[in-house]
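Structure first, then comments.
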Amino acid sequence: MKKLGCAGLTVLGLLLTPVFLVLFATAAHKQDTPDMQTVGKVSGIPARMLTAYQSAAAQLPGQVPKCKGMTWAVLAGVAKIESDHAAGHKITDNGDITPHILGPLLNGSGAGGNRTSFPDTDGGKWDGTASGERAVGPFQFLPSTWESTGRDGNGDGTKDPHNADDAALGAAVYLCGNGRNLTDRSQLDAAILQYNHSQAYLADVLSWIDRYSQLGDGTIRTNTHATGTAATVINAAFKQLGVPYSWGGGDSNGPTKGTCCSPSGKSGTSITGFDCSGLTLYAYAQVGINLPETAAEQAGIGKRIPASAGVGALQPGDLVFFAYDSSSDSTIHHVGIYLGDSMMINAPRPGTSVRTEQVWDQGYAGGARLL
């Protein structure tokens, strides 16, 4: 394995605060006022689809007041499996998706895994055929289900399963039923199994929900805006939000295959992603700075900022380090990129993904300024 000293500590994971996303202002947005709230980005989800999921979760209490626990991550987990967030399709500003996402004809032929024939119910209004039924839209509703569950999520007076906002709100209503508590895993399981009575399907959706849930609510308040090369580095890292942690993963071109778990070889399944120093190496490569491969080696580049100076001495874009012994750089095992306001972006440890969070108190070993 090419990297050592960048595994992240499981014990540190117990100390981490809730995770949030942030989209930092670029140099073109210097005039944004401090302490503004901005919508985040999640790797692999088109921004317009993320907005639809967030909007639906926010509107849900007005549709199913008794439902608890509906989040954008729940909707994103379902949509990831159903349509890969409308991948390959155009999403207009008002949420319309073109071309329409149409599943196979459900005639019992076995295509797409269907073994049951469904007679036509919509005359082809939503699925384009009067000879049977197809699942439609980013959440793959049957037309008959849409007629009872569909909602107008964007307020244009139409309930359209091929509209991201409408489909997301309709899915939220469908998953909530008469008022489920989705924070209860058994009730969440039951909601998901409505879509597909398959344990494999359930496991796939839950894995994505868990991954997206690590990313909080998609917003954060920040008092500092990065500009210039610091903004370029930070935005490069932000494009990787949600990419899995992979021991030894990541180079100047992006995520690479590494090992999902510990360097000791346990649970060493190959997975494409980043470890902590792989993420920083990639982000800095976007401004022409070639970092060494390990966190400890990266601490020897640029102007060193001692831990004794405190987090307040850091600037957005600085590398931020953590060590087993904060007084000794030789024990540095983790690195992230400082964002301002005591926040950083990093690939924390096995079982997580690239994310933002507060700078850890334990093991803080200062930073390095390269920009």
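The values are calculated or read from the model by the stated rules, or taken from the named source; none is laboratory data. Everything numeric here is computed off the predicted structure, so don't read it as measured data. All Cβ positions, glycine included, derive from the backbone under ideal geometry; neighbour counts span all protein chains shown.
The lone criterion from (1) out of contact with any strand residue (DSSP E or B) (no Cβ under 8 Å at 6 or more places or on another chain); (2) outside the structural domain of I192 (by TED's automatic domain parsing); (3) crowded, with 17+ Cβ neighbours inside 10 Å left unmet by L106 is number (1). Among the residues making up region 312-357, those that are in contact with a Pro (Cβ under 9 Å, 6 or more places away or on another chain) and in a strand (DSSP E or B) are H334, G336, I337, Y338, L339, G340, S353, R355, E357. Being in the same structural domain as S252 (by TED's automatic domain parsing), within 22 Å of P244 (Cα to Cα), in contact with a Ser or Thr (Cβ under 7 Å, 6 or more places away or on another chain) and hydrophobic (A, V, I, L, M, F, W, C) is a property that holds for L291.
Restricting to region 85-95, give me the number of residues that are of a type outside the set (G, A, S) and either at pLDDT 95 or above or not in a loop (DSSP other than H, G, I, E, B) (or both).
4
Residues in region 55-72 that are closer than 24 Å to T356 by Cβ and out of contact with any Asp or Glu (no Cβ under 8 Å at 6 or more places or on another chain): A57, A58, M70.
Taking (1) surrounded by fewer than 13 Cβ atoms within 10 Å (Cβ to Cβ); (2) in the same structural domain as Q54 (by TED's automatic domain parsing) in turn, H89 satisfies each apart from (1). Residues that are in a helix (DSSP H, G or I) and over 27 Å from the mean Cα position of the chain (by Cα) were ranked within region 274-310; the one that is surrounded by the most Cβ atoms within 10 Å (Cβ to Cβ) is A296. Every listed requirement among (1) closer than 22 Å to P255 by Cβ; (2) in contact with a helix residue (DSSP H, G or I) (Cβ under 9 Å, 6 or more places away or on another chain); (3) crowded, with 22+ Cβ neighbours inside 10 Å is met by G366 save one, (1).
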